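**Q** Have a look at the structure that comes next, please.
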Amino acid sequence: MNIVVAMKQIPDLQQIRIRNRRPVMEDVPLTLGKIDRNALEEGLRIRESMGDDSRVIVVSAGTPDVEDTVKEALAAGADEAFIVVDDGAGVRESSVSAALLAEAVRRIGAVDMLLFGEGSGDNYSGQVGPRVAEILDLPQVGYAGRVEMDGRTARITRVLEECEETVEVELPVVVGILADINEPRIPSVTQILKAGKKRREIMDAADLAVETGKQRIETVSNLAPETSRRREPVKTCEALRTALEKEGFLGR
Amino acid sequence: MAGILIYSDQDRFGFELLTAARSIAEKTGAAVKAVSINNPGQAEALAGRGADTCRVEGGDIRLEDTAAVARVLKKTVEALDVDVVLLSSNRRGKELAGRLAQMLDAGCLTDVSALEVRSGRIECTRNALGGATVAVQAVTTPRKVIALAAKAFAAAPEGAGRISDLALDVKGSGIRLLESRTRAGDAVQIEVAPVLVVVGCGLENREDLAIVNRIAAALKGEVACSKPVATDRKWLSEDRVVGLSGKICKPELALLLGVSGQVQFMVGIRDAGTIVAVNRDENANVMQCADYVMTVDLNDILQELDDMLGGAAH
Ligand SMILES: Cc1cc2nc3c(=O)[nH]c(=O)nc-3n(C[C@H](O)[C@H](O)[C@H](O)COP(=O)(O)OP(=O)(O)OC[C@H]3O[C@@H](n4cnc5c(N)ncnc54)[C@H](O)[C@@H]3O)c2cc1C
């Protein structure tokens with residue numbers, strides 16, 4: 001079966017600096033979303049559990065460097081990649097990402113399972129997976145903490161705040177993967193070297209029947225919150241107690 | 001603006017959505033409506049808070065079938081002439097938001113922590129860039145889907161609402177529920193605790209949680225944790241996770257023990273009154289974001305901290 005894993009190219013959040021409360025994005029390297037790596041790992045695990053000629057195909061939409069980013073996923077074990085590239089001017093809105101990804105999935109053809117992370121590392125809005133499911137008219141199961149296959153039937157445990165529910169659904173289906181479902185494998189050097197040779201289909205967003213210019217969200221402002229923490233060093237527990245006492249946190 | 005529709009699978013979030021919807025209605029004159037799906041008890045509860053509630057009863061529509069629930073909402077939106085849908089940003093609500101937005105060709109914002117109507121436009125506040133920034137955004141499409149974070153609004157007070165029935169024909173999408181288990185819930189509400197003692201992965205021994213519990217008790221606070229402590233190690237319940245995918249907290253005091261302070265965590269605690277960070281790494285991000293910083297190995301001071309704070313409190 002064809003297992004498609006959607007992976008988003010995001011800025012390395014640890015490397016974003018703030019200047020005058022504004023995020024400085026220049027020179028911040030792009031990487032794969034952390035939870036997307038869990039989705040990939042789950043895809044690989046399912047492929048292995050099938051014991052047949054199932055394939056894991058990565059889809060991603062991003063800037064021209066998305067190819068480099070996707071290489072990490074190919075190294076980790078994905079079989080091939082379908083990549084949509086655009087000029088990457090600024091942040092792409094979720095509805096546009098979803099339309100591009102859905103179009104890429106259509107080009108792959110027969111897709112049995114489509115995996116997304118529960119949310120992307122940067123925006124964490126969690127809407128792209130459900131949007132793609134709707135565009136492709138597929139059922140969806142989000143926040144999956146366990147996925148098991150029985151032929152063409154997937155048995156999925158959805159972990160919600162107050163309960164865990166196990167559902168059964170026939171393929172094809174869109175599944176949202178929880179961050180703690182697995183521990184992503186680290187590719188070996190040989191795998192990294194081999195990744196360059198794996199098949200990559202690259203599409204230009206401009207050639208797809210997707211209106212990339214239509215933004216449905218307007219950002220009024222995007223600023224780091226103002227903080228003024230004192231960063232006063234405390235050497236001993238006793239000094240800490242004195243400080244907490246002074247601020248009225250003890251003996252209340 | 002024609003109408004605002006609220007929906008949540010959970011009554012208590014529905015009550016909060018009602019307050020939010022009314023705050024928009026006050027400025028726009030829009031009518032506020034609520035919907036319950038195969039949940040007559042919820043219809044009663046919402047009406048009991050003064051909501052004009054639409055009761056949808058439809059054979060095979062089940063909560064676990066998100067696509068089908070989205071279809072019900074889409075039809076309700078059309079039947080009631082609604083242009084704003086407010087959902088709860090719990091997991092079911094978020095899962096629903098994107099699907100419904102796609103059906104309505106609408107822009108969608110989730111995890112919205114505040115909203116305000118300015119010049120007829122609903123400006124929403126949410127974290128961006130993993131929590132490094134706070135964005136104010138507005139949906140620009142005629143129809144809008146907005147999912148609100150828990151406790152962003154107070155629950156609506158009691159009132160007398162009306163219930164009406166709406167008959168809809170919606171098909172399921174083939175998802176079958178095999179089993180549903182209640183999760184061993186933790187009654188704790190870290191988002192309202194005045195003091196939080198937060199443990200991160202720097203706490204190396206599970207047994208030390210006993211000491212952490214005592215320190216929290218001495219400070220009259222609750223124990224909370226970073227995400228991996230709950231999800232990877234499973235030492236504490238996920239109800240205690242602080243952060244972007246956990247809870248946004250505003251305690252007067254936060255004592256952070258062995259937390260690195262990455263953005264997704266800090267977003268949950270940055271509005272604390274006083275932050276004390278204890279970490280053996282002086283370069284840990286948390287040290288930049290604290291009022292008091294103690295660079296020390298937790299193993300060396302935990303017991304002393306317990307004696308010291310416990311002693312002071314008793
Ligand atoms: C989309 C997304 C959402 C996320 N949401 C959340 C969220 O809501 N909440 C959350 O917490 N995380 C979240 N994360 C994960 C987050 O990025 C971090 O991985 C996590 O917060 C790290 O937890 P930690 O600081 O406890 O562990 P670590 O990063 O492992 O840090 C442990 C710290 O303890 C210190 N330490 C180790 N040993 C000792 C010792 N003996 N004494 C003193 N100090 C010691 C170390 O110096 C280090 O700084 C999210 C990630 C993503 C991608």
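**Q** Can you tell me the Rg and Dmax of the protein assembly as shown, counting just the alpha carbons, in angstroms?
**A** In Å, with Rg to one decimal and Dmax whole: 24.0, 72.
**Q** Could you derive backbone 3J(HN,Hα) for the range B:270-278 from the dihedral phi with the Karplus parameters 6.51, -1.76 and 1.60 (θ = phi - 60°), listing whole Hz in sequence and x where the residue is Gly or Pro?
**A** 5, 8, 5, x, 10, 10, 10, 10, 10
**Q** Restricting to lysines 8 or more places apart or on different chains, can you count the pairs in chain B with Cα atoms under 16 Å from each other?
**A** Eligible lysine pairs with Cα atoms under 16 Å apart amount to 15.
**Q** Less than 20 Å from a label point 7 Å out along the Cα-to-Cβ axis of A:Arg231: which backbone N atoms in the range B:276-298 qualify, by residue?
**A** Inside the label zone: B:276-297.
**Q** If you don't mind, there's one more thing I want to ask. Over chain B, with the other protein chains present, what is the accessible area per residue in square angstrom, probe 1.4 angstrom?
**A** I get 38 Å² per residue for this part.
**Q** Could you work out which residue, out of B:Arg121, B:Arg143, B:Arg183, moves most in a Gaussian network model of chain B, that is, has the largest mean-square fluctuation with Cα springs under 10 Å?
**A** Result: B:Arg183 has the largest fluctuation of those listed.
**Q** Sorted from largest down, give the three principal axis spans of the alpha carbons of the range B:131-202, whole angstrom values.
**A** Cα extents, longest axis first: 54, 40, 32 Å.
**Q** Enumerate the whole-percent occupancy of each 10 Å bin, from 0 to the last occupied one, for all C-alpha pair distances of the range B:245-288.
**A** Computed distribution, short to long bins: 32, 58, 10.
**Q** Taking a probe of 1.4 angstrom, what is the accessible area of B:Ile211 in Å², to the nearest 10?
**A** 20 Å²
**Q** Based on the alpha carbons, how large is the Rg to Rh ratio for the range B:99-147 when Rh follows Kirkwood?
**A** Numbers: Rg = 11.0 Å, Rh = 11.2 Å.
Here Rg/Rh amounts to 0.98.
**Q** Short version: ³J(HN,Hα) in whole Hz for each residue of the range A:166-176, in order, from phi by Karplus 6.51 cos²θ - 1.76 cosθ + 1.60 (θ = phi - 60°), x for Gly and Pro, what are they?
**A** Whole-Hz 3J(HN,Hα) from phi for the range A:166-176: 9, 10, 10, 8, 7, 5, x, 8, 9, 10, x.
**Q** Moving to a separate point now. Eigenvalues of the Cα gyration tensor times 5, then square-rooted: what semi-axes does that give for the range B:39-188, in whole angstrom, largest first?
**A** Working: eigenvalues 127, 78, 70 Å².
With the √(5λ) rule applied to the range B:39-188, the semi-axes are 25, 20, 19 Å.
**Q** Take the solvent-accessible surface of the protein heavy atoms, probe 1.4 Å, and return the percent of it on chain B that carbon and sulfur atoms account for.
**A** 47 percent
**Q** For the range B:138-293, place one equal point scatterer on every Cα, skip the solvent, and apply the Debye formula. What is log10 of I(q)/I(0) at q = 0.13 Å⁻¹?
**A** Results for the range B:138-293 at q = 0.13 Å⁻¹ read -0.72.
**Q** Please report, in whole Å, how far the alpha carbons of the range B:71-138 spread along each principal axis, starting with the longest.
**A** Its Cα atoms span 39, 30, 17 Å along the three principal axes.
**Q** Further, regarding this structure: Hey, if you drop one equal point scatterer on each alpha-carbon of the range A:117-243 and run the Debye formula without solvent, what base-10 log of I(q)/I(0) do you get at q = 0.11, 0.12, 0.15, 0.21 Å⁻¹?
**A** Log-scaled intensity ratios, in q order: -0.75, -0.84, -1.04, -1.26.
**Q** How much accessible surface does B:Glu64 have with a 1.4 Å probe, in Å² rounded to 10?
**A** Spelled out: B:Glu64, probe radius 1.4 Å, area about 10 Å².
**Q** B:Ala224's amide H: which non-local residues (gap 5+, or another chain) put their own amide H closer than 5 Å, with H modeled 1.01 Å from N in plane and none for Pro or chain starts?
**A** Here B:Val197, B:Val198, B:Val199 satisfy the definition.
**Q** What dipole magnitude, in Debye to the nearest 20, does the protein assembly as shown give about its Cα centre under +1 on Lys/Arg Cβ and -1 on Asp/Glu Cβ?
**A** Here the size comes out at about 760 debye.
**Q** Please state the charge dipole magnitude for the range B:155-290, taken about the Cα centre, from unit charges on C-beta atoms (+1 on K and R, -1 on D and E), reported in debye and rounded to the nearest 20.
**A** For the range B:155-290, the charge dipole is close to 200 debye.
**Q** Pairs of alpha-carbon atoms within less than 8 angstrom and 6+ residues apart define the contacts here; what relative contact order does chain A have, in percent?
**A** Reported relative contact order: 24 percent.
**Q** A further question follows. Stokes-Einstein D for chain A at 25 °C, 0.890 mPa s, Kirkwood Rh over Cα pairs, in µm²/s?
**A** Taking Rh from Cα pairs, D becomes 123 µm²/s.
**Q** Okay, moving on. Where the Cα atoms of the range A:50-111 are projected onto their three principal axes, how long is each span, largest first, in whole Å?
**A** So the extents along the principal axes, rounded to whole Å, are 41, 23, 15.
**Q** Classify the range A:14-92: rounded, prolate or oblate, from the alpha-carbon gyration tensor (a ≥ b ≥ c, eigenvalue square roots; a/c under 1.5 rounded; otherwise prolate if a/b is larger than b/c)?
**A** Values: a/c = 3.50, a/b = 2.16, b/c = 1.62.
Verdict is prolate for the range A:14-92.
**Q** How large is the charge dipole for the range B:159-227, taken about the Cα centre, if only the Cβ atoms of Lys, Arg (+1) and Asp, Glu (-1) carry charge, to the nearest 20 debye?
**A** Taking the Cα centre of the range B:159-227 as origin, the dipole is about 160 debye.
**Q** Then there is this: Please compute the Kirkwood hydrodynamic radius of the range B:208-298 from all pairs of different C-alpha atoms, in Å with one decimal.
**A** For the range B:208-298, inverting the mean 1/r across all distinct Cα pairs yields 13.1 Å.
**Q** Let me ask something else. Can you give the helix-only mean residue ellipticity at 222 nm for chain A, where every DSSP H stretch with n ≥ 4 adds -39500 (n - 2.57) and the sum goes over all residues, rounded to the nearest 500 deg cm²/dmol?
**A** -8000 deg cm²/dmol, from helical runs alone.
**Q** Now a separate question. At a probe size of 1.4 Å, how large is the accessible area of B:Asp307, to the nearest 10 Å²?
**A** Result for B:Asp307: roughly 90 Å² accessible.
**Q** Also: Hand me the tally of lysine pairs in chain A: alpha carbons under 18 angstrom apart, and the pair either on different chains or 8 or more positions apart.
**A** Counting lysine pairs in chain A gives 7.
**Q** Equivalent-ellipsoid semi-axes (√(5λ), Cα gyration tensor) for chain B, whole Å, largest first?
**A** Each semi-axis is √(5λ); the values are 41, 20, 17 Å.
**Q** Another question, if that's okay. Given H placed 1.01 Å from N in the peptide plane, which residues other than close sequence neighbours of B:Ser173 have an amide H under 5 Å from its amide H?
**A** When sequence neighbours closer than 5 places are left aside, the close amide H contacts are B:Ala68.
**Q** How many Å² of accessible surface get buried when B and A come together, counting both sides, probe radius 1.4 Å, rounded to the nearest 100? Each step should come with its number before you reach the end.
**A** On the way: alone 15460 and 15020 Å², together 23230 Å².
Counting both chains, the buried surface is close to 7200 Å².
**Q** Past the 21 angstrom mark, what percentage of all C-alpha to C-alpha distances in the range B:16-86 do you count? The partial results should precede the final answer.
**A** On the way: 631 of 2485 pairs.
Across the range B:16-86, Cα pairs with separations above 21 Å total 25 percent.
**Q** Another question, if that's okay. Taking the range B:1-126 as the region of interest, what is the percent of Cα-Cα pairs per 5 angstrom bin, listed from the shortest bin to the one with the maximum distance?
**A** 2, 11, 23, 27, 23, 11, 3, 1, 0
**Q** Moving on. Charges on Cβ only, +1 for Lys and Arg, -1 for Asp and Glu, centred on the Cα centroid of the protein assembly as shown; of B:Gly14, B:Gly3, B:Asn283, which one is farthest towards the dipole's positive end?
**A** Result: B:Gly3.
**Q** Still on this structure: How big is the range A:157-208 by the Kirkwood estimate over distinct Cα pairs, in Å? Could the numbers behind the result be given before it?
**A** Numbers: mean 1/r = 0.0633 Å⁻¹.
Hydrodynamic radius (Kirkwood, Cα pairs) of the range A:157-208 is 15.8 Å.
**Q** Continuing with the same structure: Kirkwood Rh and Cα-based Rg: tell me the resulting Rg over Rh for the range A:93-187, rounded to two decimals.
**A** Using only Cα positions, Rg/Rh for the range A:93-187 is 0.96.
**Q** Could you derive backbone 3J(HN,Hα) for the range A:109-119 from the dihedral phi with the Karplus parameters 6.51, -1.76 and 1.60 (θ = phi - 60°), listing whole Hz in sequence and x where the residue is Gly or Pro?
**A** x, 5, 10, 9, 9, 10, 10, 10, x, 4, x
**Q** Report the full-extension gain for the segment B:Glu26 to B:Glu78: residue separation times 0.36 nm, less the Cα-Cα distance, to one decimal in nm.
**A** Additional length available on full extension: 16.5 nm.
**Q** What does the structure give for B:100-111 when I average, per residue, the other chain Cβ atoms found within 10 Å of the residue Cβ?
**A** Across B:100-111, the average partner-chain Cβ count within 10 Å equals 6.
**Q** Taking the inverse of the average 1/r across all pairs of different Cα atoms in the range B:176-223, what Kirkwood radius in Å do you get?
**A** This gives a value of 12.9 Å.
**Q** Okay, helix-only estimate at 222 nm for chain B: each DSSP H run of n ≥ 4 adds -39500 (n - 2.57), divide by all residues, round to 500 deg cm²/dmol; what do you get? Let's see the in-between values first.
**A** On the way: 8 runs with 90 residues, N = 314.
So the calculated ellipticity at 222 nm is -8500 deg cm²/dmol.
**Q** Shifting gears a bit: Would you pull out the residues with amide H under 5 Å of B:Gly50's amide H, same chain only if 5 or more places away, H placed 1.01 Å from N?
**A** Amide H neighbours of B:Gly50, under 5 Å, 5+ apart: B:Gly159, B:Ala160, B:Gly161.
The values are calculated or read from the model by the stated rules, or taken from the named source; none is laboratory data. Note that the structure is predicted; figures quoted are calculated from it, not measured. FYI the Cβ positions are ideal-geometry reconstructions off the backbone, even for glycines, and counts take in every protein chain you see. To get the accessible areas, we keep the full protein, side chains included, count just its heavy atoms, and leave off ligands, DNA and RNA. Shrake-Rupley method; radii C 1.70, N 1.55, O 1.52, S 1.80 Å.
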